[in-house]
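The values are calculated or read from the model by the stated rules, or taken from the named source; none is laboratory data. Being a predicted model, the structure only gives us computed values, none of them experimental. Heads up, the Cβs are rebuilt from the backbone with ideal geometry, glycines too, and the neighbour counts pull from every protein chain shown. Each accessible area value is taken on the protein alone, full model and side chains, heavy atoms only, with ligands, DNA and RNA left out. Shrake-Rupley method; radii C 1.70, N 1.55, O 1.52, S 1.80 Å.
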Amino acid sequence: MIRSKWDQRIQRADELAATNETATGVLRFYKRLASLQKDLYLFFQAANNCSANKHVSNLREAELNLPVLLPKFPDFLIDLKTFATRPFADAAQDLRDKGESGWRDALTSVWQNATDFSPPDADGLLAWIFLQPYAECFANGVERTPTSAAAPICPFCSAKPVVGVLRPEGDGGKRSLICSLCSTEWPFGRVLCPACGEQSVEKLAVYTASQFPHVRVEACDTCRRYIKTVDLTKNGLAVPLVDELATIPLNLWAKEHEYTKLQPNLLGI
Ligand SMILES: [Zn+2]
Ligand SMILES: [Zn+2]
C-alpha cells in the first residue's frame with residue numbers, strides 16, 4: 001500500500017525527532033500539526049471540493065468555499081490550541097474569539113494575497129496552516145500538463161516556494177521547487193535565484209553544514225534572499241517539507257550572514 005504524502009510527512013517528523021536534538025520540539029509540534037492537516041485534507045476531499053474542479057488551471061480562479069471552510073475553522077483553532085505552546089496557542093484562542101467575521105477576514109486575506117505572504121502575522125499564519133491542505137487538495141485534484149517554465153512562483157496557486165529539491169537525474173541532480181501553499185512541485189533552473197532571477201554563479205552562494213549533509217542553503221548575494229534545498233541524491237529518505245523544518249541551525253547561519261528567507265514555512269520560521 002502506498003503511504004499518503006501526509007503519512008510520509010508524519011513518519012519523517014517522527015524519525016527526525018528521535019535523532020535530531022536541535023529540532024525535537026519543532027518536529028513533535030509539526031507531527032501533530034500534520035495530523036490535523038491530514039484530517040482536514042480528507043474532509044475537504046470528501047466534501048468533493050477538489051476533484052470537482054478539474055477544469056481549474058490556476059487556484060486564483062477558484063472561489064474560496066466559505067460555506068465549507070467557516071464551520072470547520074473554529075474547531076481547527078481549538079484543536080491546534082490543545083498541543084501548541086505559547087504564543088501559538090494564545091494566537092489560536094484570540095482568533096477563535098474574533099468570531100465569524102474575523103475568520104472570514106483571515107481566510108480571504110491569505111487566499112487573495114498568497115503571492116505576498118511574507119512575513120506572516122499570527123492570524124495569517126493560522127489561516128495559512130488551515131488553507132494549506134485545502135489548496136493541496138485542489139492541486140492534487142486537477143489535471144495539469146507538466147510545466148517546463150522556470151517560474152519563480154507556483155504555476156498553480158502563485159504562492160512562493162518554501163523549499164527546493166534536488167532529484168537524481170543522470171550524473172547530477174535536477175532542481176525543482178515546492179509551493180508553500182498547495183505543495184505543487186515544479187522544475188526550476190539549478191543556477192538561478194527564485195527571488196530575483198540572478199544567474200551569475202559568483203553571486204549564488206551554497207552553504208552546507210556537516211550535521212545535515214543533504215540540506216543546503218542556496219543564497220543570493222544580489223537580493224540577500226535564501227531558500228533551503230533538500231538533496232535527495234544524498235538522502236533518498238528525506239521528505240523535503242519536513243527536512244526543511246528540521247534544519248534550524250541553517251536558518252540561524254543565514255540570518256547571521258544577513259540573508260532573509262524567501263518564504264517562511266508553516267511554523268513561521
Ligand atoms: Zn501552489
Ligand atoms: Zn536573488
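Some points to look at:
- Asp121-His257 pseudo-label distance in nm [points 7 Å out on the Cα-to-Cβ vector]: 3.4 nm
- Residue of Pro67, Pro155, Pro240 that the Gaussian network model of the chain assigns the largest fluctuation, springs spanning Cα pairs under 10 Å: Pro67
- For the stretch 184-249, accessible area per residue (1.4 Å probe, heavy atoms of protein chains only), Å²: 43 Å²
- With the convex hull of its Cα atoms as the shape, the stretch 131-207 has an orientation-averaged projected area of 6.0 nm².
- Apportionment of accessible area to carbon and sulfur, the chain, percent (1.4 Å): 50 percent
- Between 0 and 90°, nearest 10: helix 88-97 axis offset from the chain longest Cα axis: 30 degrees
- Ranking by accessible area, most exposed first, for His257, His214 with a 1.4 Å probe: His257, His214
- Rounded to whole Hz, the Karplus (6.51, -1.76, 1.60) HN-Hα couplings of the stretch 154-160, x for glycine and proline: 4, x, 9, 10, 6, 7, 7
- Largest GNM mean-square fluctuation across Gly102, Gly189, Gly170, computed for the chain with C-alpha springs under 10 Å, falls on Gly170.
- Axis of helix 24-46 versus longest Cα principal axis of the chain: the two differ by about 50°, to the nearest ten degrees.
- Stretch in the chain that is longest and holds no GluC sites (Glu not before Pro) that DSSP places in a loop and that have at most 11 other beta carbons within 10 Å: 144-257
- Each residue of the stretch 246-252 was assigned a 3J(HN,Hα) from its phi angle through the Karplus expression (A = 6.51, B = -1.76, C = 1.60, θ = phi - 60°), giving 8, 10, 4, x, 5, 5, 5 Hz with x at Gly and Pro.
- In the elastic network of the chain, a GNM with C-alpha springs shorter than 10 Å, the most mobile of Val165, Val26, Val201 is Val201.
- FRET efficiency estimate (nearest 0.05) - Cβ-Cβ, Arg28 to Lys234, R0 45 angstrom: 0.95
- The count of lysine pairs in the chain that are at least 8 places apart or cross chains, and whose C-alpha atoms lie under 19 Å apart, stands at 17.
- Each residue was assigned an accessible area with a 1.4 Å probe, and for Ile78 the value is about 70 Å².
- Pairs of Cα atoms in the stretch 82-192 fall into 10 Å distance bins, from 0 up to the last occupied one, in shares of 13, 37, 29, 15, 5, 0 percent.
- MRE, 222 nm, helices only [DSSP H, n ≥ 4, -39500 (n - 2.57), over the chain, to nearest 500]: -14000 deg cm²/dmol
- When Ser183, Ser101, Ser109 are compared by accessible area at a 1.4 angstrom probe, the order from most to least is Ser101, Ser109, Ser183.
- Alpha-carbon centroids, the stretch 182-248 and the stretch 72-88: separation in whole Å: 31 Å
- At 1.306 mPa s and 10 °C, Stokes D of the chain from Kirkwood alpha-carbon radius, µm² per second: 83 µm²/s
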